Structures are given as C-alpha cells and as structure tokens.
1. If I filter segment 177-197 down to residues being closer than 19 Å to Y105 by Cβ and surrounded by fewer than 23 Cβ atoms within 10 Å (Cβ to Cβ), which single residue comes out as nearest to the chain's Cα centre (by Cα)?
2. Tell me which helices (runs of 4 or more DSSP H) are completely within segment 130-213 and hold 2 or more residues being of a type in the set (A, V, I, L, M, F, W, C) and farther than 30 Å from A44 by Cβ, or say none if there are none.
3. Collect the residues in segment 103-132 that are farther than 17 Å from T59 by Cα and of a type in the set (V, I, T), keeping them in residue-number order.
4. Would it be correct to say that T230 is without any contact (Cβ under 8 Å) to a residue 24 or more places away in the chain, assigned to a loop (DSSP other than H, G, I, E, B) and among the β-branched types (V, I, T)?
5. Look at G165 and say whether it is at pLDDT below 95 and over 19 Å from I29 (Cα atoms).
6. Just one of (1) on the phi < 0 side of the Ramachandran plot; (2) in contact (Cβ under 8 Å) with a residue 24 or more places away in the chain trips up F85, so point out which.
7. Check whether at least one residue in segment 50-58 is closer than 22 Å to A249 by Cβ, over 16 Å from the mean Cα position of the chain (by Cα) and in contact (Cβ under 8 Å) with a residue 12 or more places away in the chain, and report yes or no.
8. Consider A76 carefully, then state whether it is free of Cβ contacts under 8 Å to residues at least 40 places away in the same chain, in a helix (DSSP H, G or I) and in contact with a Leu (Cβ under 9 Å, 6 or more places away or on another chain).
Amino acid sequence: MSSLVPTSVLSSVSTMGVILVSMAVIALIEIAIPLHARGPSHRAHIGPNVVLTFLTFATNAFFNVALLTVLIWQDANGVGLMHVFALPPVVTGTIVLVTLDFSFYVAHVAMHKIPVFWRFHSVHHSDPAVDVTTTIRQHPGEGVIRYAFMAAFACALGASPVVFGVYRIWSALNGLIEHANIRVPVWFDRVCSLVTTWPNMHKIHHSRTVQETDTNYGNIFSLFDRIFRTFTPSHRGVNIVYGLDGYDAPATQTTTGLLAVPFRWTGATAAVAAPQLS
C-alpha cells in the first residue's frame, strides 16, 4: 500500500495546480464580463477566501491521497461493485461519475439539514459577494464531511482511480465556473442547466432567502435536483442577494471569525440554521 502513496500525492498536487491556474483565468474573465460590479464586499472577502482556500487544499490533499491510495489498491485487487459486473469501461465510468456526483448531492443536502453539519457549511454560504474565490471558501471541517460521503460511495463502488481523478478535476472546475461573477446569457444558462449546473442556476443557492437556498444543490449534473424536486429555474439567479443574515459583522467575516463560526452557537447562528430544517 505504501508504494501507492507517491502516485496519489502526484495526482493531488497536479489537481491543485490545475485549480489555481483555472481560478486565475476565471478571475480575468470576471473583470471582463462581470455579472455584478465589484464593491466593498468583493474587496473585503478576498483575503479570508484565499486563506480558507489554501486551508481547504491542505485538508483535501490529505483525504484525497488517502482515498486515492485505497482506490488504487481496490482496483488492483478487484474490490468493489464495479468489479463484480463485466460492463464496458465507458458504462462503468459513466456509472461511477454519476454516482460520485450523487454522493456530492447527498452530502450537500445533509449539510443543510443536519445542524452540526450546517455550522461548518454556513461559512461557505456567509459570503456576501459570490465570485470565483467563494468556490473553495470552506471550513476545513466541511472537507471532512464531504470526503466521508464521497469515500463511502467511491469505496463501495470500487471506483476506478482514473475515473475518480476525472471526477475530482471536473467537479472542481465546474465549481469555479458556477461561482464565478460572470455575465452569462440567461437563455444559454437555462439550456445548459437542463443537464449541468451553471452560474445563474447555482447563484440561487447562495440566496439569503431560505426557500431559494434550499434548492439547486447539484454539483456537476442538475439531474438530482430535478429528480428530488429541489430545482429552481436559472433565470432567477441574476439578481440574488448573497450571504446569511447574522453573519455580516466585520469581525465574523475575517479569517479567524469564519474559522470560529462552527464553534459559536449564538442566536444569529441558530436563527440561520433552524430554517434549513423546514
């Protein structure tokens, strides 16, 4: 098993490199065709968002290496459901991609419905200005939750390490795009959202209105939101008021303040968490 670790590390480092380069490119596009003009909130959130991004990289790198190492071992030893059925590689790969995306949907819904999970996920939702830097603005604890769900599904499947790697990169790049502060034609976003998640569609999920926040959980595919009736049409995502009531205090929006959010059970936090259970 130890001989598999260097391969897993190299894959994780490569993925982080792709993400950073993509973030830089998308940031330039945001300048060229912004959905909303940059204001004080955009300038104020850059520092905390960048720090949380690198903390997430560190957390995810550890879990990604561990999970990928296990998947490489499973693949070599024929362990997992996908090794039981003699299916064509394309079919197997498609099943794994869709199932891994379903694991993201399940984890995402759980983080809204389970109060202790919401404490960590609220850090992501509390950003009053959504752009590409919001994508990986996560509490390290959220990474633990996400990987727990993903590992359960991936290991049960015996997911191919290659397909898993493709999913992770696709997932990250799609996350950057859907959070980007870029102006996308409403008709184009609507058409693309028939299959995948897009900026206008995902912006609705960052609304301060609970009825909108509790929709559009999807990561890559919009399929699951449609199946489970959590889909809101993308045209409503053009004029969304972002953030969470009770989290706007300057002290809360610092790196230290955001890292402390899950551990302070105040009236404001409870007021935000409670509606998510409705």
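The values are calculated or read from the model by the stated rules, or taken from the named source; none is laboratory data. Computed from a predicted model, the values in this text were never measured in an experiment. When we count neighbours, we look across all protein chains shown, and the Cβ atoms used for this are built from the backbone with ideal geometry, even at glycine.
1. Filtering segment 177-197 for residues closer than 19 Å to Y105 by Cβ gives 177-179, 192-197.
Still in the list and also surrounded by fewer than 23 Cβ atoms within 10 Å (Cβ to Cβ): 177, 192, 194-196.
Values: I177: 11, C192: 19, L194: 19, V195: 17, T196: 14 Å.
Going through the qualifying residues, I end up with I177.
2. So the answer is 140-157, 161-179, 186-192.
3. Matches in segment 103-132: V106, V109, I114, V116, V130, V132.
4. Numbers: without any contact (Cβ under 8 Å) to a residue 24 or more places away in the chain: no; assigned to a loop (DSSP other than H, G, I, E, B): yes; among the β-branched types (V, I, T): yes.
Against the criterion (without any contact (Cβ under 8 Å) to a residue 24 or more places away in the chain, assigned to a loop (DSSP other than H, G, I, E, B) and among the β-branched types (V, I, T)), T230 does not qualify.
5. Numbers: at pLDDT below 95: yes; over 19 Å from I29 (Cα atoms): yes.
So G165 passes the test.
6. Condition (2) is where F85 drops out.
7. Yes; the residues of segment 50-58 include at least one that is closer than 22 Å to A249 by Cβ, over 16 Å from the mean Cα position of the chain (by Cα) and in contact (Cβ under 8 Å) with a residue 12 or more places away in the chain.
8. When the stated conditions are applied, A76 passes them.
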